[in-house]
Amino acid sequence: MPASESRIRVKRTDGHIQIEFVDRNILDEGNIRSISDEIAAIIEAEPKPRMVISFANVEHLSSAALGALITLNNRIRARSGQLRLSNINPQIYEVFAITRLNTILQIHPTNEDAAKSFV
Amino acid sequence: MAAPHGQHDRAVITVVNDAAAIERAEDRVVEALARFNYPRASVFAVRLSLHEAMSNGFRHGHRSLPEDTPISVKFDASDEHIEIVVEDQGPGFDPSAIPDPTLEENLERGSGRGLLLIRAYMTSAEYNQKGNVLRMTYRRPAGT
């Protein structure tokens, strides 16, 4: 069997790393675990990771994915880096608002806005 | 074409802890909502709630049970509402013991948001006394 295919697209641009999801549904716990392991490996390889995670293709998101984002945010902060989220549609944004995670994660309308916000 | 007023779409689905089986159960419920032309926001709300309910059943309810222990998903959809009953075979739990994940001190916790989302998106969601059966209802929003 071939090695499992990556479920993310990674682009390095203007001093930051941009991550996009391949899947529309970020629901399954096994899938979420492998995506976060992959992103964690990218974070650990950077001295001060500046990362934008784009939700442009995402239509469904589970609470397990929210938990993974919190862990990734903490890992990035532990390396003095910065995490930004972008392109979140209104339905998905509501999930962040209900859980109040919009108060601890920095969310921007576009990748460009997110990139400009790095300090 | 939408199902006529008064019709129901009902099913009982046995779901094992496998991504494909979980997705099939979600797709079956989404298909029922589509039959009655529920709006996109309703489909989002019900699918997410069902996913969280099944996930809680497997992750917490079946924590001490064999990996292949199935849960049961029973639904009854009409053009007015959908009722979904998710039953696991675990010993049950006390939902009031779950800390409020929206409190400042709990915001960075990695889990414990499933029931919050279910209660936010569904019209009602109640566990039985034992705590292994979740009965959820979603009522079609007025004017949709």
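Within segment A:83-94, the set of residues being in contact with a helix residue (DSSP H, G or I) (Cβ under 7 Å, 6 or more places away or on another chain) and facing another protein chain (nearest Cβ under 10 Å) comprises A:91 only. Entry remark, segment B:70-123: residues being among the polar types (S, T, N, Q) and either buried (at least 18 other Cβ atoms within 10 Å of the Cβ) or assigned to a loop (DSSP other than H, G, I, E, B) (or both) number 5 in total.
Taken as a whole, the condition of being among the polar types (S, T, N, Q), touching a Ser or Thr at 6+ places or on another chain (Cβ under 7 Å) and either more than 10 Å from chain B (Cβ to nearest Cβ) or in contact (Cβ under 8 Å) with a residue 12 or more places away in the chain (or both) does not apply to residue A:80.
Inside segment B:22-41, residues that are among the hydrophobic types (A, V, I, L, M, F, W, C), within 14 Å of residue B:80 (Cβ to Cβ) and under 17 Å from the mean Cα position of the chain (by Cα) make up a count of 2.
Of all residues in segment A:10-53, those being touching a residue at least 60 places away in the same chain (Cβ under 8 Å) and crowded, with 18+ Cβ neighbours inside 10 Å number 4. The residue of segment A:1-59 that is modelled with the highest pLDDT, among those that are basic (Lys, Arg) and in a loop (DSSP other than H, G, I, E, B), is A:48. Any residue in segment B:44-60 that is farther than 20 Å from residue A:60 by Cβ and either within 15 Å of the chain's Cα centre (by Cα) or surrounded by fewer than 18 Cβ atoms within 10 Å (Cβ to Cβ) (or both)? Yes, there is a match, as at least one residue in segment B:44-60 is farther than 20 Å from residue A:60 by Cβ and either within 15 Å of the chain's Cα centre (by Cα) or surrounded by fewer than 18 Cβ atoms within 10 Å (Cβ to Cβ) (or both).
The values are calculated or read from the model by the stated rules, or taken from the named source; none is laboratory data. It should be emphasised that the depicted structure is a prediction, and the values quoted were computed from it without experimental measurement. We place every Cβ from the backbone using ideal geometry, glycine too, and count neighbours over all the protein chains shown.
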